[in-house]
Structures are given as structure tokens and as C-alpha cells.
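The next block holds one structure in the form of C-alpha cells; read it before the comments.
Here, each number is a calculation from the coordinates, and none is a lab measurement. Computed from a prediction, not measured in an experiment: that's the story for all the values here. Positions of Cβ are backbone-derived with ideal geometry, glycine not excepted, and every protein chain shown enters the neighbour counts.
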Amino acid sequence: MGVSFVESAKERREFLEYPYRLYRDHAYWVPPLRIQQKKLIDTAKNPFFRNAEIALFLGYSNGEVAGRIAAIIDHRYNEFHGTKTGFFGFFECSDHQDLASLLIKAASDWLRERGMVSLLGPTNPGMMDTIGVLVEGFDSIPAIMMPYNDPAYDRLLMGAGLQKEMDLYSFIVNAETVDIDRVNRAKQIVFTRNPGLNVRQIRLKRIFDEVDIIRDIFNKAWQKNWGFIPLTKEEFNELAKDLKSIIDPELAYIAEIDGQPVAFTVPLPDYNQIFHKMNGNLLPFGIFKVLFGKKKMTNIRTTLMGVLPEFQGRGIDAVLHQQEIENGLKKGYFSSELGWVLENNVEMIRVAEKIGSHSRKVYRMYGASLG
């Protein structure tokens with residue numbers, strides 16, 4: 001049993017392929033697109049690595065790959081927070097405590113050698129990518145850009161010396177649980193209390209202008225939240241390229257007051273309903289499954305949302321959710337997932353509960369001292 005640093009192209013392929021072998025018999029694991037996973041760890045193509053470093057490690061048992069982990073340094077995160085935090089990510093492991101501990105040690109040692117004093121994760125690779133470990137809600141497939149893992153991971157990571165840092169909640173509301181009348185009454189109250197409020201659809205033909213608006217609101221709205229790091233124009237533009245092909249503009253909105261953008265929401269159709277049956281491949285026939293499967297999707301997930309600090313607490317976020325639900329039902333989306341939500345974000349949890357949602361899944365972030 002041991003851990004080795006990934007150096008060769010063959011080892012990188014083994015790093016990327018290990019989860020597909022590990023979860024091949026798991027009914028609820030959704031194979032991510034291989035092309036997308038490859039880009040995530042590509043330091044030349046992923047703009048995250050303009051200001052970050054990564055090292056990949058493979059774990060072996062009886063001569064076979066039985067685990068993997070990445071050690072990550074996000075320099076902008078440390079500059080923004082004034083910390084020396086190292087991250088771990090892409091953690092996958094067989095149910096073997098000794099190997100899990102060796103993987104955490106390998107990542108910790110690499111980070112410690114580069115001056116990091118604390119460990120946080122998993123991030124894959126950054127805080128705006130897929131993060132956390134699923135600890136509750138193993139009885140259904142995850143929504144798009146949310147993780148799924150073996151139930152043993154919480155025990156393995158705790159056993160490796162990590163501690164809970166923060167839990168992230170995922171809420172679900174569907175046609176059976178939502179109180180449409182209550183939501184509509186609340187919407188009218190919000191419009192009455194906020195003269196000049198207007199909610200409009202995002203304009204795909206001007207997507208980069210819209211993304212500038214969203215980035216400005218996001219960076220201001222989230223700046224005091226745990227784990228936040230302001231995103232660059234380059235990162236958001238890269239996000240815009242990805243979103244343009246999958247976003248439903250009839251469900252994504254920008255709220256304005258007297259013409260000034262003050263809030264936004266960007267839900268995505270839950271493509272995991274399609275990816276679940278594709279084994280991570282777009283070619284040769286996966287692309288047809290995507291094209292023909294679009295009309296069969298019944299779920300959406302709110303991936304990004306933000307309200308300018310001076311306009312928070314006015315119910316504008318609830319209005320945005322109401323618009324999503326109302327138009328989503330018309331288009332055949334019978335359930336909507338809101339997540340993730342920080343466990344200490346009391347206001348957003350209340351909004352989720354008021355629109356008739358309930359906690360569906362819980363994800364966990366872990367931390368440790370590298371001293």
C-alpha cells in the first residue's frame with residue numbers, strides 16, 4: 001500500500017478514470033463527462049490555474065489504483081482572506097482507512113512544504129466548482145454540479161484527522177410541496193414594498209454583458225460568506241461559454257429597481273438526469289442522448305444566485321424563486337433544487353422553507369491544521 005505523485009500521461013489517465021471504475025456498481029452515481037473532468041485539472045486550459053497550483057496523487061493497494069487526491073493552492077483565496085490555506089480535492093478512495101490517511105498525508109505534506117498552515121476541502125479544484133462530501137441523502141442521484149460519493153467518506157476523512165468545517169444544504173421544492181398561493185401572495189407584497197422592481201429574463205444574445213452584471217452582483221453579495229473568493233472576469237467569461245449552451249433563458253432572471261440591477265438567479269436544467277446513463281462519454285452517441293433527452297428533463301437546480309447587500313432582506317430572492325417555479329412548471333420542470341446553502345445562512349434557509357422546500361441532501365467541508 002502506498003501513494004505516488006502523478007507525473008506521466010498514463011498516470012493522469014488513471015487519475016481521471018479511477019472514479020468510473022470505483023462507482024460502476026453504484027446506482028446513484030452520475031458519471032461526469034470525461035472531457036469536462038480532463039479540463040478541470042488542465043493547468044493550461046482551466047483559467048482557475050492562472051492563480052493556483054495543483055499536484056495529483058494516486059493511492060495503491062496490492063499493486064492496483066485504489067484511491068486518488070489532489071493538493072491545491074489557490075493564491076487568490078489566500079490573498080483575499082489573508083491566510084495560508086491549502087486545499088485538497090478530487091478525493092476518491094476504497095473503503096480502507098490506512099489508504100485514506102496516506103492520501104490525506106500526501107496532500108498535506110505537499111502543501112506544508114509550500115508554506116500552507118491549514119487544510120480545507122474537498123474543492124474540485126476551486127470553491128466555485130463541485131465541492132464537499134455527501135453525508136446525507138444517498139437515495140437519489142445528485143443534481144448537476146453536485147457530488148456523489150460512497151457513504152464511507154465521512155468516516156474515512158474523520159479517521160484521517162480531519163474535522164467538519166461547514167455543512168452545505170441542498171433544498172428541493174416540487175409541484176406537490178410548493179404552496180403556489182402563498183408564494184404568489186408573497187410576490188405581490190414584495191412588489192408593493194419595492195416600487196420600481198422589475199424582473200426580466202437574461203438575454204443570451206448579450207450574454208457577456210449579462211455576465212458582467214451577474215459577476216458584479218455576485219462578488220458584492222457573497223463577499224462576507226464563508227469560503228468566498230471574488231471571481232475574475234476571465235473566470236466568469238469561461239463560465240458564460242459553458243452556460244450559453246445549457247442555460248434556459250426563460251428561467252434565468254435579473255431583478256432591477258428603477259433600471260438598476262440588484263439581484264440575479266441562474267438555474268440550470270438538471271442534465272444529470274441524462275448524464276446518469278452516458279458513462280461520461282459524449283461520443284460517439286452521447287451527444288444524441290443529450291439532444292433527445294432535453295425534453296424529458298423534469299428538474300432544475302439554482303446554481304447561482306445573489307442579491308446586492310443593500311437590497312437583501314426585501315424578499316427579492318423569494319420573487320426570483322417564484323418566477324423560476326412558475327415558469328418551470330409551465331415548461332415541465334416539476335421539481336427545483338436550491339443549493340448549496342451554507343448551514344449558517346439563516347435568511348436563505350428561511351426563504352427555502354417559506355416556498356415549500358425541504359432539505360434533500362447535506363454536503364460537508366472538512367478542515368485541519370497543518371502545523
Checklist entry - How far is it, in nm, from the label point at Glu53 to the one at Trp226 when both lie 7 Å from their Cα along the line to the Cβ? => result 2.8 nm
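Over all directions, what mean area does the Cα convex hull of the chain project, stated in square nanometres? Write down the numbers at each step before the final one.
Numbers: hull surface 72.5 nm².
Mean projected area for the chain: 18.1 nm², to one decimal.
How would you rank 6-13, 129-136, highest first, on the average number of other Cβ atoms within 10 Å across their residues? Show your work: numbers first, answer last.
Numbers: 6-13: 12.4, 129-136: 20.4.
Put in order of decreasing packing, that is 129-136, 6-13.
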Checklist outcome for this item: In terms of the charge dipole of the chain, which places +1 on Lys and Arg and -1 on Asp and Glu at the beta carbon, the residue among Thr83, Val133, Leu251 farthest towards the positive end is Leu251
Item to check | Farthest toward positive dipole pole in the range 178-355 [+1 Lys/Arg, -1 Asp/Glu at C-beta], among Ala318, Gln201, Phe334 | outcome: Phe334
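Counting other C-beta atoms within 10 Å, and keeping those with at most 15, which DSSP coil GluC sites (Glu not before Pro) do you find in the range 194-250? Please list the in-between numbers first.
Working: sites: Glu210, Glu234, Glu235, Glu238, Glu250; in loops: Glu250.
Taking the range 194-250 and a limit of 15 other Cβ atoms within 10 Å, the loop GluC sites (Glu not before Pro) found are Glu250.
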Next on the checklist: With +1 assigned to the C-beta of every Lys and Arg and -1 to the C-beta of every Asp and Glu, and no other charges, what is the dipole magnitude of the range 178-355 about the Cα centre in debye, to the nearest 20?
Outcome noted: 560 debye
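If the range 1-115 were replaced by its equivalent ellipsoid, with semi-axes equal to the square roots of 5 times the Cα gyration tensor eigenvalues, what would those be, largest first, whole Å? Before the final figure, lay out the partial values.
Working: eigenvalues 116, 64, 33 Å².
One finds semi-axes of 24, 18, 13 Å for the range 1-115.
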Checklist outcome for this item: Restricting to lysines and to Cα separations under 28 Å from Lys10, and discarding same-chain partners fewer than 8 apart, the set is Lys38, Lys39, Lys45, Lys105, Lys277
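Which of the three applies to the range 207-266, rounded, prolate or oblate, going by the alpha-carbon gyration tensor with a ≥ b ≥ c and a/c under 1.5 meaning rounded? If you can, show how the numbers build up before the last one.
Working: a/c = 1.74, a/b = 1.09, b/c = 1.59.
Note, shape of the range 207-266 comes out oblate.
With contacts defined as alpha carbon pairs under 8 Å and 6 or more residues apart, what's the relative contact order of the range 2-169 in percent? Write down the numbers at each step before the final one.
Working: 257 pairs, mean separation 35.3, N = 168.
The value is 21 percent.
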Item to check | Geometric extent, Cα atoms of the range 178-355 - Rg, Dmax (angstrom) | outcome: 16.7, 54
Checklist entry - In deg cm²/dmol and to the nearest 500, what is the mean residue ellipticity at 222 nm of the chain if only DSSP H runs of at least 4 residues count, each as -39500 (n - 2.57), divided by the residue total? => result -10500 deg cm²/dmol
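Rounded to the nearest 0.05, what FRET efficiency do Asp98 and Tyr28 give with R0 = 30 Å and r taken as the Cβ-Cβ distance? Could you check?
0.65
What size of dipole, in debye to the nearest 20, comes out for the chain about its Cα centre when the only charges are +1 on Lys and Arg C-beta atoms and -1 on Asp and Glu C-beta atoms? Mind showing how you got there, number by number?
On the way: 46 positive and 46 negative charges, 171 e Å.
Magnitude of the dipole: close to 820 debye.
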Checklist entry - Does the range 62-163 classify as rounded, prolate or oblate by the C-alpha gyration tensor (a ≥ b ≥ c root eigenvalues; a/c under 1.5 gives rounded; else a/b over b/c gives prolate, otherwise oblate)? => result oblate
